[in-house]
């Protein structure tokens, strides 16, 4: 439910502008400034948004950055356009969360509500608005699960995760690293970090990670 006005997206744009690098941030359908109803959204639909932006708004090799659900979308977009992706940075990336962190953890009552009403409103610790969890979101998510098999990506991958993340277990990052076929995968754990990793020191760490990755890609001539 975050949008492109979030701290991380805005700060990465500032970094890129200062470095003279092109940058794109956007809102998925039903988010922020984009049209559409959030309740109609699905993982597949939002991945299509990301791929459309990649196709229409960028040229040449790209580094994709995805936070939380955006980390799942990032991986799906990279799998759809591997020739366009030079590197990936995930921040508390959450592939398969609709199944592993929602459906598999729901009790019988919540599952029954989703089956009966088609929607369940989960209270959010990040704001007054609840999470809208639809049957369509859950069912579509099953068509895009990634952690059940190898992830056929071979580009450099950097994964940041807070060990005090109460939304996405930091062990998820280890599962991602294990499944991705690339040998150039590095994990950065922040012991006192939460899910958002939006503190000043977290933003600084993200910028250093991006700077190091871009430097390595430039040096190899991949960017």
Single condition residue 124 does not satisfy, out of (1) in contact with a strand residue (DSSP E or B) (Cβ under 6 Å, 6 or more places away or on another chain); (2) under 21 Å from residue 31 (Cβ atoms); (3) part of a helix (DSSP H, G or I)
(3)
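Against the definition (closer than 26 Å to residue 204 by Cβ and without any contact (Cβ under 8 Å) to a residue 24 or more places away in the chain), how does residue 32 come out, yes or no?
No: the conditions fail for residue 32.
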Any residue that is within 21 Å of residue 6 (Cβ to Cβ), in contact (Cβ under 8 Å) with a residue 12 or more places away in the chain and surrounded by 17 or more Cβ atoms within 10 Å (Cβ to Cβ) - is there at least one of those in the range 173-182?
yes
Taking the range 154-172 and keeping residues free of Cβ contacts under 8 Å to residues at least 40 places away in the same chain and part of a helix (DSSP H, G or I) leaves 171
Scan the range 32-44 for residues that are touching a helix residue (DSSP H, G or I) at 6+ places or on another chain (Cβ under 8 Å) and either under 19 Å from residue 11 (Cα atoms) or modelled with pLDDT of 95 or more (or both) and jot them down.
42, 43, 44
If I filter the range 62-74 for residues that are assigned to a helix (DSSP H, G or I), modelled with pLDDT of 95 or more and over 15 Å from the mean Cα position of the chain (by Cα), do I get at least one hit?
no
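In the range 40-63, is there at least one residue being under 17 Å from residue 157 (Cα atoms), touching a residue at least 40 places away in the same chain (Cβ under 8 Å) and surrounded by fewer than 17 Cβ atoms within 10 Å (Cβ to Cβ)?
yes
The values are calculated or read from the model by the stated rules, or taken from the named source; none is laboratory data. Note that the structure is predicted; figures quoted are calculated from it, not measured. Cβ: placed from backbone, ideal geometry, glycine included. Neighbour counts: every protein chain shown.
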